Amino acid sequence: MNFREQLLAELSKQNTDYIASVIDKDEKLFRQLVELALTNEKYVSGRAAWVIEVLWLKYPTIIDPYLNEIIDFLPKSKYDNQKRHFAKILSEKKLSELDENRLGILIDRCFSWLEDPAYPTAVKMFSMQILFNYVKIEPVLASELIAIIENQFEDSTPGFKNRGEKVLKELYKITD
C-alpha cells in the first residue's frame, strides 16, 4: 500500500482505521508511517500521526523505539494535528525513562505550547499533563506551572478550564 496516497485520499476515522488495520503490528510498515508523520508534509504528516495514535492505543509499546525521533522532531513540527497526537502519546509515557536531553526538548516544547495563546486547546491540555507529570519529578517547577495555567484561565475554553482545575488542585498540594 502507498500510505502517502491513502492518507491523502480522505480525512476520516474510517480511513485512519483502515490504514491502521493494514499496518497492525508490522514494524516495517509502522516505520514507514512514522517517517511520513515526521515529514511536515501538509495533510500527510498530521494524518499519519493520527494513525500512529490509533496503533499506539492498540499496542502501547509500538511507539517506544521512535520516542526519541518524535521528541527531536517536536521543535520542527509545523502542524497542530501532529503536535496534538504526539503530545497525547507522550502524556502517557514515563518521563523518567527519557534521557535528559530529550526530556529537556519535550519540557521546553510543552511550556511553549502551553503559554502560547495561538495553540489549540488539545495541544495545551496534553502539554499541561506532560508538564504536570514532570513536576512530579521536579517539584520546583510547580509554581511556574501554576502561574501559567492561572494566567490563561479567564480567556480559556471550557476544556482547558476543566483540565486546568484538576491539574491545579494537584499542583497546590505539591506547593503547600
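A short reminder: the numbers here are calculations on the coordinates, not readings from a lab. Computed from a prediction, not measured in an experiment: that's the story for all the values here.
Projected onto their three principal axes, the Cα atoms of the stretch 1-93 cover extents of 28, 26, 20 Å, largest first.
The structure shown yields semi-axes √(5λ) of the Cα gyration tensor in Å, and of the options (i) 69, 18, 12; (ii) 30, 17, 13; (iii) 48, 21, 12 that calculated value carries the label (ii).
Helical runs (DSSP H, four residues minimum) scored at -39500 (n - 2.57) apiece and divided by the length of the chain put the mean residue ellipticity at 222 nm at -22500 deg cm²/dmol. Apply the a/c threshold of 1.5 to the C-alpha gyration tensor of the stretch 97-176 and tell me whether it is rounded, prolate or oblate. Here the stretch 97-176 falls in the oblate category.
Taking 0.36 nm per residue of separation and subtracting the Cα-Cα distance, full extension of the segment from LYS28 to ASN101 would add 23.6 nm. For the residue pairs LYS25/LYS166; LYS83/LYS169; LYS25/LYS124; LYS58/LYS161; LYS76/LYS124, the alpha carbons lie more than 24 Å apart in LYS25/LYS166; LYS83/LYS169; LYS25/LYS124; LYS58/LYS161.
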